[in-house]
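I have placed the structure first, in the form of structure tokens, so that the comments after it can refer back to it.
Values quoted throughout were computed directly from the atomic coordinates according to the rules given, and no laboratory measurement underlies them. Quick caveat, the model's predicted, so the values are computed rather than measured. Quick reminder, even Gly has a Cβ in these numbers, built from the backbone with ideal geometry, and neighbours come from all protein chains shown.
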Amino acid sequence: MTTNKSVTEPIAAAGTATIVADIAIVGGGLAGSLAAAVLARAGHRVALIDKRAVHPDEFRVEKIGGQQLDMFRRLGFIRGLESVACSFDRVLNIRDGKVVDVSVGQAYGFPYANLVAMARGQIPDPSSLIVDEVIAVSCSDDVQYLDLASGRRLNARLVVLATGMAGALGYKLGIRRRVLAERHSVSFGFTIARRDGAPFDFKALTCYGERTSDGVDYLSLFPVPAGMRANLFMFRDPTDPVMRELRRDMAATLLRLLPGLRPYLGDFHVTDRVQNWVMDLSVVEGHVQPGVVLIGDAFQTNCPAAGTGVGRLLVDVERLCTEYAPRWLMTEGMSKEKISQFYSDRDKVAADQRSLKMARFRQALTSRNDIGWDARRRLHFLRRNITHRVDQMRPGWLSRFRSALRA
């Protein structure tokens, strides 16, 4: 298969017995859909396989900002993001009912399913999305064969596993998941509103935990099209009775854990179903194999509280889809040596390591009650508060100082 031919020929029709593509992406969540759009827009024949035509309304990433937005711009998705999200540029940060500081910077809140739909909508040819399920995959140095539940077969030069934490296909290839921290964190997602229908007095708010015994890292409140979204992040045993209380009566339990919230929220209620995740920290082993590459959570999971998951995912998509996969397709074969280039990429390795480091830091800052971490926690919030007070007296000095450091 020559490079020119693979770029100019369309993907075989999904109704045929055998589908031929340059790259088969298994898993149509955010990672897989973004990767498919980037590669297809570059002219590669892409098959995105997912068992759902419309991604379900799951509790996953619901907010992005900072450097993540720079990556969205580079990949060409910023306008699509703006079309499905609510923007905000100030976050009031509180602890014990007192203002710690105010974060300033563009950010967006959105339903995860809408973001996935936006990414899929960026794929030039809608027929590239194949609604089916991959039940077996056979990989080699040359061509990869995927068997689908419908009885069809898909042939591709490269397989990208973007299957999240579902590892059945990887397991069949001998790829194993090593758990670094079992039940590392618990996350809750829900939407709130004031009972009188009035808006809240803030654009977005973060409330940090007040006692290490509660295991609350922080509650993040931010706008989405449906209202004010809430993400609660905790480091606590998922079997603890408080988890059941949060699911049964989130509002009352939340105020018990974070009493400093009451003046800011007033008389509020939860307007939709409370969703939650228990997250293990894990990485894969035995993944350097010919013809197949793993991205996003399929390679390494993240701590949601650390806020590094989307950043890692975007690094994977950008490095694989703009650097490695296009170069690999220009020459024959898809050997281990080619695949290993992606896993050893400097930016990818740095993002993976930073994610694990931040996961451990957030847990320790939230839960450790020894003298050393108690002092570190006090210093952390004191430094932020002093910086905020100085910035109030001399507006803009902090941004100028940071710009000078980057120069």
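A few notes on this one:
- Near-label residues of segment 231-271 by backbone N, under 17 Å of a point 7 Å along Cα→Cβ of Asn385: 259-261
- The convex hull drawn around the Cα atoms of segment 98-185, when projected onto a plane and averaged over every direction, covers 10.7 nm².
- Only aspartates and glutamates eight or more places from Lys98 in sequence, or on another chain, were considered; those with a Cα closer than 18 Å are Asp201, Glu210, Asp217, Asp391.
- Translational diffusion of segment 266-407, µm² s⁻¹ [Kirkwood Rh, Cα pairs; Stokes-Einstein; 4 °C; 1.567 mPa s]: 68 µm²/s
- Computed [θ] at 222 nm, helices only, for the chain once each DSSP H run of length n ≥ 4 contributes -39500 (n - 2.57): -10500 deg cm²/dmol
- Prolate/oblate/rounded call for segment 224-288, Cα gyration tensor, a/c under 1.5 rounded: prolate
- Coarse-grained scattering of the chain at q = 0.06, 0.08, 0.09 Å⁻¹, given as base-10 log I(q)/I(0) from a Debye sum over alpha-carbon atoms: -0.27, -0.47, -0.59
- Mean-position separation - Cα centroids, segment 162-179 and segment 35-71, in angstrom: 20 Å
- Whole-Hz ³J(HN,Hα) from phi, Karplus 6.51 cos²θ - 1.76 cosθ + 1.60, for segment 163-169, glycine and proline x: 8, x, 8, 7, x, 4, 5
- Summary of packing: across the peptides 36-46, 378-388, the per-residue average of other C-beta atoms within 10 Å ranks them, highest first, as 36-46, 378-388.
- Of Lys172/Lys357; Lys51/Lys357; Lys172/Lys338, pairs whose Cα-Cα distance is over 32 Å: Lys51/Lys357
- The string of couplings for segment 80-94 from the Karplus curve (6.51, -1.76, 1.60, θ = phi - 60°) is x, 4, 4, 6, 10, 10, 9, 8, 8, 10, 9, 10, 7, 9, 10 Hz, one whole number per residue in order, with x for Gly and Pro.
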